[in-house]
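Asks: Sharing a structure here in structure tokens format.
The values are calculated or read from the model by the stated rules, or taken from the named source; none is laboratory data. Quantities reported herein were computed from a predicted structural model and do not represent experimental measurements. Glycine also receives a Cβ, built like all others from the backbone with ideal geometry; neighbour counts cover every protein chain displayed.
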């Protein structure tokens, strides 16, 4: 009777141990899974923390860079402000010098115009005129005073006028001279001249030779040019208008080298 009971007791114990073992295995596996999940969560958390730390470092670096740039900008502004004050003062002095120089040249050109007008006062208004335009002195000489029609040979009366002009401008320093020849719009074509440009340039050259070779004006300060019919001062529809356009202009310009130096 005892043996069956013992067997039953042993069997019950084995079943109990077996059940206990199954439960423990399940719990162990669940614990392992939980631990693995916790490890993964911890790794993810550490990764996010590292990323946050990196962003914080980048932001701090950017902040430091911005602070440094702001400091540099402030220094530049201070330097610019100081330089600007100096520049304004320099510009004021330069402007004053420029104004004085322009005024002095204006006075020189005004006196030159009056001197030329006085020297040529015996000539009629339809023969020549003297005036100031754009800061330059113009001596406009009519064709009737200087040349016969279609010729570049200066008449004796014209030579006398140019001699009187040369006496004034030769004694005036710091001026340059441009001789411009102008015609009306009536075409010309001869053995000597192909067109009006050709004629007017030849006439301008003749006047340059008279002022320089015959009367001693500095060749380095004079230029000859021909504008032909393209810069009329009167309408070409009338004989009077065409006569007014057939002219030679002696243009006296002040030397601007000193002004250019001041502007550099």
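Asks: Mind listing whichever residues of the stretch 111-139 are without any contact (Cβ under 8 Å) to a residue 24 or more places away in the chain and under 34 Å from the mean Cα position of the chain (by Cα)?
Replies: 131, 132, 133, 134
Asks: Quick check: is even one residue across the stretch 242-255 loosely packed, with under 13 Cβ neighbours inside 10 Å and not in a strand (DSSP E or B)?
Replies: No, there is no match, as no residue in the stretch 242-255 is loosely packed, with under 13 Cβ neighbours inside 10 Å and not in a strand (DSSP E or B).
Residue-by-condition table, conditions (1) crowded, with 19+ Cβ neighbours inside 10 Å; (2) modelled with pLDDT of 95 or more; (3) more than 17 Å from residue 170 (Cβ to Cβ):
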site	(1), (2), (3)
98	no, no, yes
103	no, no, yes
106	no, no, yes
111	no, no, no
125	no, no, yes
133	no, no, yes
136	no, no, yes
141	yes, yes, yes
147	yes, no, yes
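Asks: Of the residues 188, 179, which single one is closer than 25 Å to residue 216 by Cα and crowded, with 18+ Cβ neighbours inside 10 Å?
Replies: The unique qualifying residue is 179.
Asks: Now for a different question. If residue 226 meets every condition in (1) under 18 Å from residue 137 (Cα atoms); (2) in contact (Cβ under 8 Å) with a residue 40 or more places away in the chain; (3) crowded, with 16+ Cβ neighbours inside 10 Å apart from one, which number is that one?
Replies: Here residue 226 clears every test but (1).
Asks: Of the conditions (1) surrounded by fewer than 20 Cβ atoms within 10 Å (Cβ to Cβ); (2) under 37 Å from the mean Cα position of the chain (by Cα), residue 204 fails just one. Which one is it?
Replies: (1)
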